Amino acid sequence: MFSYYLQLGLHSLKRNPVLTALMVIGIGLGIAASMTTLTVLHLMGSDPIPWKSDKLHYVQLDNWDVNQPYYDDGRPPDQVTYRDAVALMEAGKADKQSAMYKLAMPVQPENPEIKPFRALGRVAYTDFFGMFEPPFRFGSPWGASEDASHARVIVLGKEINEKLFGGQDSVGKSVRLDGNDYRVVGVLGDWNLRFRYYDVTNGAFADPDEFFIPFTTAIDLKQRASGNNSCFSPSGDGWDAYLDSDCVWIQMWVQLDSAHGLEEYKSFLDNYVNEQKKLGRFQRPLNNRLLDVNGWMKDQEVVSRDMEVQTGLAFAFLIVCLVNTVGLLLAKFTRKAGEIGLRRALGASRRQVFGQYMIESGVVGLSGGLLGLALTGLGLIAVRALYSEYQTVAHLDWAMTFLTIALAIVAALLAGIYPTWRACRVQPAAQLKV
């Protein structure tokens, strides 16, 4: 019976090509608008490391001015000071831990055919690689001994390795950054990050890190951060004064593999701050925070309010398209009152008539969904062209592809309920003439 109704529906749609085209185009446009924004919203807000996001925690300590909170709502600063980062690293209370900051340095290639260029990198401890799990193509991370000895070693990203060494195994070779030579110990492979969730304070959708060097080495070489830096009082003159100041410019992540470990680390942070209070620091009320990856993303509004509003407006447009589809279906089914009356007179039940026209509505939805899928693809291409920061999140995945088709069919079925209900109430006697 389903195949028979499907044939009837297709035949009916072919008899009214203009009306059918208007319905399909309307649904397709509404689906494309809503799914383009929903896809970006979905990929921006989805868990970037679901197998361990609840174990990775971002450390926040409130060392700010006693008379003025860092955020108006009382949240602590989004970064920590150098002296606090070092104290937490030396305490070693987490399962894994890494202080880090963003760094930009000039690269002076040995190959004279390659002009010097500026590269964006990350200063971190070796635990960074175990915590965030970037894949290695060649070599491996440096070890704790290199952190302790302030070794001049480097891990290269895939793209910069291709630029400097043609993509070959460069482990053991030397790279000159800002006049200093670093020995390559590892080269990353494809690290398919949708965004840099480990450093959203400097822009989650900023360019990926091109290299990594030890935190201790960068401090030795007095390499200032290229990311955000905030101070509520003058830092003083010179590098040492800056390191000893209350300026916040370092991100601190810890991995805590158990609930017990999380509670212990919270207690450790409270005890640490209370000890610092005795030294005249941390004059604000105790306000330490340990947010996991998804909590930190939400706190920093990785998914912006503007994107949520745009998605809402796109779905409002879809509703408008569905209202128009309701009107078109109503007009189409009303015209077929005589045909419906004849079918009823010949013994067709209201349920059978309802099923027939709901299947016809579903065919319209499927057609609109396929058109909407194609238009969604074009819409995402336009998003990538207009907004470079969305390059990694403006892509359809299988889940969103199936959702696009399903949403179109469901939307068309919902739009068809009222017109079909009206069609089922046609009285056979009123349509038949002697």
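The values are calculated or read from the model by the stated rules, or taken from the named source; none is laboratory data. The shown structure was predicted, so the numbers you read here are calculated from the model rather than taken from an experiment. Note that each Cβ is placed from the backbone with ideal geometry, even for glycine, and that neighbours are counted across all protein chains shown. Remember, those area values only see protein heavy atoms, side chains included, never the ligands or the DNA or RNA. Shrake-Rupley method; radii C 1.70, N 1.55, O 1.52, S 1.80 Å.
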query: For region 62-287, what number results from the quotient of the Cα radius of gyration and 2.2 N^0.38 Å?
result: 1.07
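Roll a 1.4 Å probe over the protein chains and send me the accessible area per residue for region 200-334 in Å². Intermediate values should be presented prior to the final figure.
Working: 6490 Å² over 135 residues.
Computed with neighbouring chains in place, this is 48 Å² per residue.
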- request: Mind putting a number on the dipole of region 68-201 about its Cα centre? Charges go on the C-beta only, +1 for Lys and Arg and -1 for Asp and Glu, and I need it in Debye to the nearest 20.
  value: 260 debye
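A 22 angstrom limit on the alpha carbon distance is what I want to check against. Which of Lys52/Lys93; Lys55/Lys298; Lys266/Lys298; Lys52/Lys266; Lys52/Lys222; Lys55/Lys93 exceed it?
On the way: Lys52/Lys93 19 Å; Lys55/Lys298 16 Å; Lys266/Lys298 20 Å; Lys52/Lys266 19 Å; Lys52/Lys222 34 Å; Lys55/Lys93 14 Å.
Correct reply: Lys52/Lys222.
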message: With the cut-off at 1.5 for a/c, could you classify region 29-127 from its C-alpha gyration tensor as rounded, prolate or oblate?
response: oblate
- line: So, over other residues within a Cβ distance under 12 Å of Lys96, counting Lys, Arg +1 and Asp, Glu -1, the net charge is -1
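What's the ranking of 76-83, 231-238 by average number of surrounding C-beta atoms within 10 Å, highest first? Let's see the in-between values first.
Working: 76-83: 21.5, 231-238: 11.6.
Taking the mean over residues of other Cβ atoms within 10 Å, the ranking is 76-83, 231-238.
Quote the charge dipole size of region 202-242 about the Cα centre in Debye, to the nearest 20; the model charges only the Cβ of Lys and Arg (+1) and of Asp and Glu (-1). Please report the intermediate quantities before stating the final value.
On the way: 2 positive and 6 negative charges, 23 e Å.
Value, rounded to 20: 100 debye.
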- prompt: Which Cα, out of Asn111, Leu188, Pro76, lies furthest along the positive dipole direction of region 62-287 (beta carbon charges, K/R +1, D/E -1)?
  reply: Asn111
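Working out 0.36 nm times the residue gap between Asn16 and Ser235, then minus their Cα-Cα distance, what length gain in nm do you get to one decimal? The partial results should precede the final answer.
Working: separation 219, 0.36 × 219 = 78.84 nm, distance 7.58 nm.
Working it through step by step, the gained length comes to 71.3 nm.
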Region 62-287 - charge dipole about Cα centre, Lys and Arg +1 at Cβ, Asp and Glu -1, debye rounded to 20: 340 debye
message: Under 5 Å between amide hydrogens, which residues at least 5 positions from Lys96 or on another chain qualify, with H placed 1.01 Å from N in the peptide plane?
response: Gln255
query: How much length, in nm to one decimal, is gained on full extension between Leu279 and Thr401, taken as 0.36 nm per residue of separation minus their Cα-Cα distance?
result: 38.1 nm
